[in-house]
Structure formats: C-alpha cells, structure tokens
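Q: Dropping the structure in here first, questions after.
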Amino acid sequence: MSVQSFDKNLSRKQRLQEKQRRQLAVVDTVDKAETKVRKAEVELALAVTEAVQVFGDEQSASEGLDMPVEAIRRFLGMAQDEASGAEDVVEAADRT
C-alpha cells in the first residue's frame, strides 16, 4: 500500500523516469547474463573439442559424453568460430 501512495505522489515525469530506470536495470541484468552464458558456451565448446580429440572421433565422444552427435558438432563449430575470431584479432593487431 505504501508503494501505491508513493507512486501517486510522483509526477507523471517522475513515474516515467522510474519506469525507465527499472527497464534499464533489467536490460543491464540480461546483458550481463548473456555474457556469462556466452562465456560458458565457449568453455563448453573447447571442452567438447578436447573430448573429441581424446575419444578419437565425434561418435565416440557422443557416446562417452552421453551427448547427441548434433550437439557435439554444434560445439565444434562454435570452437572453430571462436578460433577464427581469435586469429582475426591477432591479424588485426599485427597490422597496427
């Protein structure tokens, strides 16, 4: 009840500013979570790549990790994309 009376005491502009502040805070939280998820996916992709090397091939890794071959391939693609991106950064740094 105090929240309602607090909102009623605010001007329309103040209510809008408060709503925008809350929206920006939520967007910031989601952005941070997405960054953490992306980092975890890259770590998992690198681990899957290592598993494929240790098990010998995708099918053996799939069985050993109890993970579908499609997921193995997706993570291998992510690891390859990540490696390509790192190479691009190194090349760009070498040119400067």
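A short reminder: the numbers here are calculations on the coordinates, not readings from a lab. None of the values given here were measured: they were computed from a predicted structure. Here the Cβ is made from the backbone with ideal geometry for all residues, glycine too, and neighbour counts use every protein chain on show.
Q: Between Asn9 and Ala33, how high is the FRET efficiency from 1/(1 + (r/R0)^6) when r is the Cβ-Cβ distance and R₀ = 35 Å? Nearest 0.05.
A: Computed FRET efficiency for Asn9 and Ala33: 0.55.
Q: Okay, moving on. What is the P(r) of the range 6-55, as percent of Cα-Cα pairs per 5 Å bin from 0?
A: 5, 18, 12, 12, 10, 8, 9, 6, 6, 5, 4, 3, 2, 0
Q: Sticking with this structure for a sec: Working from the alpha-carbon coordinates of the chain, get Rg over Rh, Rh being the Kirkwood radius.
A: Values: Rg = 23.3 Å, Rh = 17.4 Å.
Rounded to two decimals, Rg/Rh equals 1.34.
Q: Which residue, chosen from Ala33, Ala51, Ala61, occupies the Cα position most advanced towards the positive end of the dipole of the chain, where the dipole is computed from +1 (Lys, Arg) and -1 (Asp, Glu) charges on Cβ about the Cα centre?
A: Result: Ala33.
Q: So what is the 222 nm mean residue ellipticity for the chain from helices alone, if each DSSP H run of at least 4 adds -39500 (n - 2.57) and you divide by all residues, rounding to the nearest 500 deg cm²/dmol? The partial results should precede the final answer.
A: Details: 4 runs with 87 residues, N = 96.
The per-residue figure over the chain is -31500 deg cm²/dmol.
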